[in-house]
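To start, the structure itself, in structure tokens.
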Amino acid sequence: MFLVFIFLLFIIWPNLLLEAAASQGGHNIYRPPQSVRQHVFVREEFRYLNVPRIGSYTVDNSIDCVFKCLSHTSCFSVNLAASRGMDGKFWCELLPSDKYRNSTELLGNKSSHHFVIKSPCSSSPCKNEGTCVPSYKNGIFECLCKKGFIGEFCEKGFKSCKDAYNSYKSNASELVTLHFGAKTTSVLCQMGDFGCGDGGWTPVMKIDGNKNTFLFSSGYWTDKSEFNPSGGTTSFDSQETKLPTYWNTPFSKVCLGMKVNGQLRFTVINSQASSLHSLIADGQYRSTSLGRNKWIALTDSKASLQPNCNKEGFDTQTIHRRARVGILGNNENDCRTCDSAIGFGVDNRACGDLSSIRAMCYILVQ
């Protein structure tokens, strides 16, 4: 049960209580002038806030205790004995903090009550275990969010590694839980410039060119189903994966990586979309402008790409060759009969070129 104590302060002495409601035996109300403001204390019965004290006193009643608190600029709450001692007085402890900043230290205790100034945090506005920090002077609060959440009230979970990077301001890659509605997914966020530029990069797919999981014809390019989500929690290794970020994460940049003979190379496509799924699943061709030299450099100097056509982008297709993300080449001076390609999700090569290179490939977005 909470007992509420109302105190009014003279403007000329902001720390002095001049109106009070007693907690022991009746109410003595002082009628103050008009130029005052109101404070409210809440009593939590049989509670004790276990934080360092800034002062200890013996007092006649709870009013004396809270008067002492508000006469001390560093006091935000008090612990008060639940009953009188042998001398007929109550012990009173002034505290430099409150239960909102130290919620785990508010303990049950049959020998004391805890009194705290009612604050904007009283309604528990911070969600997802966020810590509410009140400003008693201004009547406002700030939510300090638990790791993985953002927003004024900590109401939003991270939806991308960019969110995590903007929150943590760290270049150290780390596991982060992303929130997509009621579903959560753990991913290893790649932070900082590993070859694609600064910021937080969200993993989307890892593709093994020696396997057929992600050939052009695979349904994984057009559906919204995961593949081996645990592969999203590891770095640039050989675990294939397709994550919910494929259809959930908006971006303005796509980071493409290929590992050939142990050498990892990256390039970036500037393209804005609501998700990679939205760029690929409908089968419509969307051009990019990396240029053939950057596609060849993504593999190695031995990559096979015939000199003509050079049609590149998402869902790049001709009569004979197709790539979900990539570039097509031809010996003839047209694009009708292309015989070569470099890319991700090619007809008969999940990743690499159509000649000899079977790469381990990575797609991330930001």
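The values are calculated or read from the model by the stated rules, or taken from the named source; none is laboratory data. The model shown is predicted, which means the values in this text are computed figures rather than measured ones. When we count neighbours, we look across all protein chains shown, and the Cβ atoms used for this are built from the backbone with ideal geometry, even at glycine. Quick note on the areas: whole protein, heavy atoms, side chains included, nothing else; ligands and nucleic acids left out. Shrake-Rupley method; radii C 1.70, N 1.55, O 1.52, S 1.80 Å.
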Which value, in Å³ per residue, describes the convex hull spanned by the Cα atoms of the range 235-355?
104
Which aspartates and glutamates does LYS127 reach when only Cα atoms under 20 Å apart count, and residues fewer than 8 places away in its own chain are ignored?
ASP98, GLU105, GLU142, GLU152, GLU155, ASP163
At 1.567 mPa s and 4 °C, Stokes diffusion of the range 154-240 via Kirkwood alpha-carbon radius, µm² per second
92
Which of the peptides 334-341, 217-224 is most tightly packed, and how do the rest follow, going by the mean number of other Cβ atoms within 10 Å of each residue?
334-341, 217-224
Given a 1.4 Å probe, how much area per residue of the chain is accessible, in Å²?
47
Would you mind checking LYS206/LYS253; LYS99/LYS183; LYS68/LYS146; LYS159/LYS224; LYS224/LYS259; LYS169/LYS224 for any pair whose Cα atoms are more than 24 angstrom apart?
LYS99/LYS183; LYS68/LYS146; LYS224/LYS259; LYS169/LYS224
Under a point spin-label approximation (7 Å from Cα along Cα-to-Cβ), what is the ASP198-ASN210 distance to one decimal in nm?
3.8
Quick one: which residues, 5 or more positions from ALA359 or on another chain, have an amide H under 5 Å from its amide H? H modelled 1.01 Å from N in the peptide plane, none for Pro or chain starts.
GLY209, CYS351, GLY352, ASP353
With all protein chains present, the chain has a carbon and sulfur share of its accessible area (1.4 Å probe) in percent of 48
Select from GLY283, GLY55, GLY88 the residue whose mean-square fluctuation is largest in a Gaussian network model of the chain (Cα-Cα springs shorter than 10 Å).
GLY88
Give me the percent relative contact order of the range 164-222, please, defined on Cα pairs under 8 angstrom at least 6 residues apart.
24
Charge dipole magnitude, Cβ of K and R +1, D and E -1 - the chain, Cα centre, debye nearest 20:
100
Where does each of 239-248, 190-199 land if you order them by average Cβ count within 10 Å, highest first?
239-248, 190-199
Show the residues, 5+ positions off or on another chain, whose built amide H is closer than 5 Å to the amide H of ILE54.
LEU94, LEU95
If you split all Cα-Cα distances of the chain into 10 Å bins from zero, what percentages do you get per bin, shortest first?
5, 20, 20, 12, 9, 10, 10, 8, 4, 1, 0
If amide hydrogens are placed 1.01 Å from N in the peptide plane, which non-local residues have theirs closer than 5 Å to the one on SER173?
MET191
Work out from phi, with θ = phi - 60° and the Karplus expression 6.51 cos²θ - 1.76 cosθ + 1.60, the ³J(HN,Hα) of each residue of the range 126-135, listed in order in whole Hz, and give x for Gly and Pro.
7, 8, 6, 6, x, 9, 8, 10, x, 10
Ordering of 357-363, 131-137, 274-280 by packing [mean C-beta count within 10 Å, highest first]
357-363, 274-280, 131-137
